[in-house]
Amino acid sequence: MSVVNRPDRVAIRVSGADAAKLLHDVLTAPVAAEAGPARWWALLSPQGKILAEGLIGWAEDAFWLDVGADVADDFFRRMRLYKLRAKAEIEDLRHTHAVGWTAGTTEGVLHDDARAPNLGKRVIADKAHASSWVAGDMAETARVAAGIAQMGPDFSPDSTFPHDIGMDLLGGVDFNKGCYVGQEVVSRMQHRGTARRRPVIVSGLPDDAAKGAEVVCASRTAGTIGTIAGGRAVGILRLDRISDPAACTIDGKPVTLALPDWATYHFGESETTEQADQAAGHH
């Protein structure tokens with residue numbers, strides 16, 4: 001089974017006696033030094049918006065993370081600040097290792113992406129082993145088909161809350177652990193139910209549709225789509241503006257909207273109070 005190279009992702013290894021505590025106290029996801037599938041994680045701003053996100057898994061006495069190449073430098077800078085005197089080593093592996101995707105097995109550090117079925121596996125391997133990896137969009141096609149948004153292809157840093165991309169529903173947020181950066185905002189959205197934007201799978205796209213195209217429902221913009229893969233895109237859309245998902249368009253042409261299989265939310269959901277709007281940070 002071939003491995004698809006993902007040059008847009010950077011590998012990180014975190015090890016040491018305090019590695020689990022450091023990551024658990026800083027990232028949104030539950031973190032434990034135990035084998036299993038990779039978990040979705042995010043590093044948030046104090047305002048609760050995502051600054052970086054990726055997958056984290058445990059193997060070979062270390063935590064292995066991947067992060068978008070365009071935010072990797074900022075992520076390392078912030079993690080070094082949070083590290084302080086913790087007995088942990090944070091290694092930037094971009095010059096020695098590559099991040100890939102496969103539907104099978106291969107050499108390297110391999111973790112299942114269990115956020116949804118058919119997402120395959122993330123692999124991190126040294127560049128000698130990765131020399132035979134191939135180019136391709138299979139990882140993007142699988143991700144988009146599952147309705148999972150990713151920073152870079154689908155949204156920009158410091159623009160989006162974890163609830164907006166369904167991290168609260170897919171194991172990316174631990175609501176039981178103590179404080180982490182941005183935790184107060186995320187908890188408030190959870191307890192007040194103020195999430196209005198959610199991932200929606202958009203298909204039947206016009207031939208000239210591109211990332212950033214607006215989805216219009218009943219003459220109101222519900223949001224924009226991300227990168228197109230396999231004829232679909234993930235839109236992070238306002239549910240309260242989609243009363244009839246069959247009546248939405250891009251550039252005046254009809255498109256098809258569908259909720260991901262893992263969604264517990266519904267089209268037309270609305271939060272009407274000004275207080276809730278302010279709590280969610282949407283204006």
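The values are calculated or read from the model by the stated rules, or taken from the named source; none is laboratory data. From a predicted model like this one, the values you see are computed outputs, not experimental measurements. Note: ideal-geometry Cβ built from the backbone for every residue, glycine included; neighbour counts use all protein chains shown. When the accessible area is computed, the model is the full protein with side chains, heavy atoms only, and any ligands, DNA or RNA have been set aside. Shrake-Rupley method; radii C 1.70, N 1.55, O 1.52, S 1.80 Å.
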Filter pass, Arg9 being free of Cβ contacts under 8 Å to residues at least 60 places away in the same chain and not hydrophobic (A, V, I, L, M, F, W, C) = no
task = Please specify each residue of segment 233-256 satisfying the condition of being among the aliphatic types (A, V, I, L, M) and open to solvent by less than 20 Å² (accessible area, probe 1.4 Å).
result = Ala233, Val234, Ile236, Leu237, Leu239, Ile242, Ile250, Val255
inquiry  = Taking the condition of being basic (Lys, Arg), in contact with a Lys or Arg (Cβ under 7 Å, 6 or more places away or on another chain) and in a strand (DSSP E or B), how many residues in segment 234-262 meet it?
reply    = 1
message = I'd like to verify a number: residues in segment 61-117 that are of a type in the set (Val, Ile, Thr) and under 22 Å from the mean Cα position of the chain (by Cα), how many?
response = 6
query = How do the pairs read when you match residues in segment 139-161 that are touching a residue at least 60 places away in the same chain (Cβ under 8 Å) with residues anywhere that are open to solvent by less than 10 Å² (accessible area, probe 1.4 Å) and acidic (Asp, Glu), using Cβ under 9 Å and keeping only pairs 6 or more apart or on different chains?
reply = Ala149/Asp164; Gln150/Glu53; Met151/Glu53; Phe155/Asp164
Qualifying positions in segment 97-122 - in contact with a Phe, Trp or Tyr (Cβ under 7 Å, 6 or more places away or on another chain), within 14 Å of Ala139 (Cα to Cα) and aliphatic (A, V, I, L, M) = Ala116
key: Failed condition for Thr160, given (1) under 17 Å from Gly54 (Cβ atoms); (2) open to solvent by 50 Å² or more (accessible area, probe 1.4 Å); (3) hydroxyl-bearing (Ser, Thr, Tyr)   = (2)
inquiry  = What are the pairs with Cβ atoms under 7 angstrom where one residue, in segment 213-230, is under 14 Å from Pro199 (Cα atoms) and the other, located anywhere, is part of a strand (DSSP E or B) and among the acidic types (Asp, Glu)? Sequence gap at least six, or different chains.
reply    = Thr224/Glu214
